Structures are given as structure tokens and as C-alpha cells.
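Notes follow once the structure below has been shown.
The values are calculated or read from the model by the stated rules, or taken from the named source; none is laboratory data. Quick caveat: nothing in here was measured; it's all calculated off a predicted structure. Using ideal geometry, Cβ is built from the backbone for each residue, glycine included, and neighbour counts are taken over all protein chains shown.
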Amino acid sequence: MNHAPEEWGRPRNDIYGNYNPAFHNATPSAHTQQPSITGTSVLAIKYDSGVMLAADNLGSYGSLARFTDIERLIKVGEETVVGISGDVSDMQHIELVLEKLMIKDNYEQDGHRLRAPHVYEYLSRLMYNRRSKVDPLWNAILVAGRKDDGSPFLAYVDLLGVTYSAPTLGTGYGAYLAVPLLRKLVSDEGDEKNVTKDQARAALDQCMKVLFYRDARSLDKYTVACVDNTGAVSIETGVRCEDMSWRFAENIRGYGTQKM
């Protein structure tokens, strides 16, 4: 007698055809339910002649600072920069998808060039499509560049497909700690016309320092990218927070009222 489970009570081959046991080796589909290696905040601000972004280089495995050389500002095409926070493996997937998109666009050779608004619309559809499949890409994304008329472009999309635009944006912890600092410089649409490139850079440097002080999943090494109104992209890597000091914390003794 054959005691193999696949033989129990199955229909006869001469009536129903040959039995296919391959399904016993099939594995159920699995969706990522929570990120493993993650990157924290991405910050961006418009200024009078472009957009500037900053993101640190840390990849955290839970509370472990696992990788310190993760680049999360990605140049897409000739005049667009995409900053991604969240799951690093999903970020690498998005990077591969965008690379294929650029290759396909270059093959067309029709004189049309994908700019930041086009990349942003593509990513918003991609994120919403994955969310609708209950298999989201665990990322928040900032897209920076310029519009067809040369004006600065900056917009946000997250794992739910939520989209919006603002002159200052942040993801992760930076949306709570850094964006209020950036809004002191650019509080409303149009204010960026009064902000120079040097002022925008100083504001981002200050915010990255604050995040290193306050965000346990951040690093003092970061990357800064800039897209000006001509479409030129410059990316500066290996930037370090300067004049760091922890003297303010030397008298802290836990929480609540305590005798020093």
C-alpha cells in the first residue's frame, strides 16, 4: 500500500487523467510586512534657482547601525534627483525600476526627455499600484528637479500612494524635527524666491546636525544634492556635520524631577 499523502483519496488516472503532484512543492506567496534594513530622513528645500536635498548614509538594522555607506539620493536621467527613505531593499528595487524606465526612454530617441514631474507621476502610480496589491514598497520618496518652464519642482509620495507638493519637505523623523526649521526660511509657496543657494545649504546643514542629535537612527555623514534651474545636477557625498558637541547633555540624569 502506498502511504504517501498525495496518493490518499485522489481520483483515478484512467478517468480524470494523470495526477500532477507538483503542487505539493509549491510555496505560498509572501509579502513584506515590515522593513528590515532602513534609512531615515530625507530633507529638501526650494531656493531661488533650484532645489536642494540632503540624506544621511546610514542603513539601520533595527537599532543596529549596520551600514554607513548607503546612498539614498539617486540621480534619475539628466535633471532629476530622487531621495528615498524606508526599506533599503525596496529602495534598490525602485532604483532598478527607474533605471529601466530611463533606458526605455533613451531607446525612443524622439527628442522628449523625462523631467521631474514625469518621474514623480510614474512613482505615484507605482506606489499606489503596489499598495492596492497589499504588497507596498515600504518607502517615502521625494522627487526634485525642474518643470518644463524651468521653475523648481519638489513633491512627495509614500507607500500608500499619498502625494503632495510643498516648498519644504521631509520624510521620517525629519518631517517632525527638521521641516519646522526649514519653514522658518521658506514658510509658503513663493518664499523660495528670496532664498539663496547658500542659505538653503546652511539650513540643511543645521537640520542634519539636529537630526544627528535627536534621531537615534541617523548619522553625521550625509549626501547633499542640488538641481538648479538649468537642469544641472550636482551631488556632494561624504559631507560631515561640523562643530558637534554633546556638552548640553552632560548634566542630564534621566527623566522627571531629580536632584543633581
- Restricting to the stretch 164-212, what's the tally of residues that are in a helix (DSSP H, G or I), touching a Phe, Trp or Tyr at 6+ places or on another chain (Cβ under 8 Å) and farther than 9 Å from L43 by Cβ? 4
- Just one listed residue, out of K221, K209, K259, K193, is more than 21 Å from V81 (Cα to Cα), out of contact with any His (no Cβ under 7 Å at 6 or more places or on another chain) and at pLDDT 90 or above, and it is K209
- Filter the stretch 134-163 for residues that are in contact with a helix residue (DSSP H, G or I) (Cβ under 9 Å, 6 or more places away or on another chain) and part of a loop (DSSP other than H, G, I, E, B) and give the result. P136, L137, W138, K147, D148, D158, L159, L160, G161, V162
- Is there a residue in the stretch 225-239 that is under 24 Å from N57 (Cα atoms), among the acidic types (D, E) and touching a residue at least 40 places away in the same chain (Cβ under 8 Å)? yes
- Query: Which one of these does I37 not meet: (1) modelled with pLDDT under 75; (2) surrounded by 10 or more Cβ atoms within 10 Å (Cβ to Cβ)?
  - Reply: (1)
- Item | Check on I235, among the hydrophobic types (A, V, I, L, M, F, W, C), outside any helix (DSSP H, G or I) and either closer than 18 Å to V82 by Cα or modelled with pLDDT of 95 or more (or both) | yes
- Note on the structure: Of those in the stretch 103-133 that are modelled with pLDDT of 90 or more and not in a helix (DSSP H, G or I), the residue surrounded by the fewest Cβ atoms within 10 Å (Cβ to Cβ) is K133
- Task: Among residues belonging to the stretch 134-148 that are of a type outside the set (A, V, I, L, M, F, W, C) and within 18 Å of I45 (Cα to Cα), point out the one that is modelled with the highest pLDDT.
- Result: G145
- Note on the structure: When the stretch 69-88 is checked residue by residue, the ones that are among the small types (G, A, S), more than 12 Å from L58 (Cα to Cα) and in a strand (DSSP E or B) are G83
